[in-house]
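The values are calculated or read from the model by the stated rules, or taken from the named source; none is laboratory data. Keep in mind that this is a model prediction, so the values were computed, not measured. FYI the Cβ positions are ideal-geometry reconstructions off the backbone, even for glycines, and counts take in every protein chain you see. Heads up: the accessible areas ignore ligands, DNA and RNA and are worked out on the full protein's heavy atoms, side chains in. Shrake-Rupley method; radii C 1.70, N 1.55, O 1.52, S 1.80 Å.
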Amino acid sequence: QVQLVESGGGLVQPGGSLRLSCAASGSIFSIYAMGWYRQTPGKQRELVAVITSGGSTNYADSVKGRFTISRTNAKNTVYLQMNSLKPEDTAVYYCNAASTTQNYWGQGTQVTVSS
């Protein structure tokens, strides 16, 4: 089992920055990728960014050049640095860890971009 604890959401003005953190514990040796997804009411959860155990990254087109995903050397904490935030980035952000057997999800953290 893997447990994920997120932090760092909140309210920010357009153009501002936030950093989300996701700390993984438990059977972290089984994780081969971690990422961030987001969801707004009435819409499907969508991929924001992902980083593999080898360090490869992938981003949604809507966040390229503004968001950066990174991780600690111990690979048990993943960060999402979000710059130049827009109102359309408002969503609940979920941390995800993919293991060889299943996907794990955090509880979600609200990000609101508004003036």
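Tabulated data for the structure shown
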quantity	calculated
Bins of 5 Å, starting at 0 and running to the largest distance - Cα pair percent for the chain	2, 13, 24, 26, 19, 10, 5, 1, 0
Distant-in-sequence amide H partners of Ser27 (H built 1.01 Å from N, under 5 Å)	Val2, Gln3
Length-normalised contact order of the chain in % [C-alpha pairs under 8 Å, at least 6 apart]	37 percent
Gap separating the Cα centres of the range 27-88 and the range 92-110, nearest whole Å	10 Å
Å² of accessible area per residue within the chain, as computed with a 1.4 Å probe and no ligands counted	52 Å²
Exposed-site-free run, longest, the chain (rule: trypsin sites (Lys or Arg not before Pro); DSSP loop; at most 13 other C-beta within 10 Å)	65-115
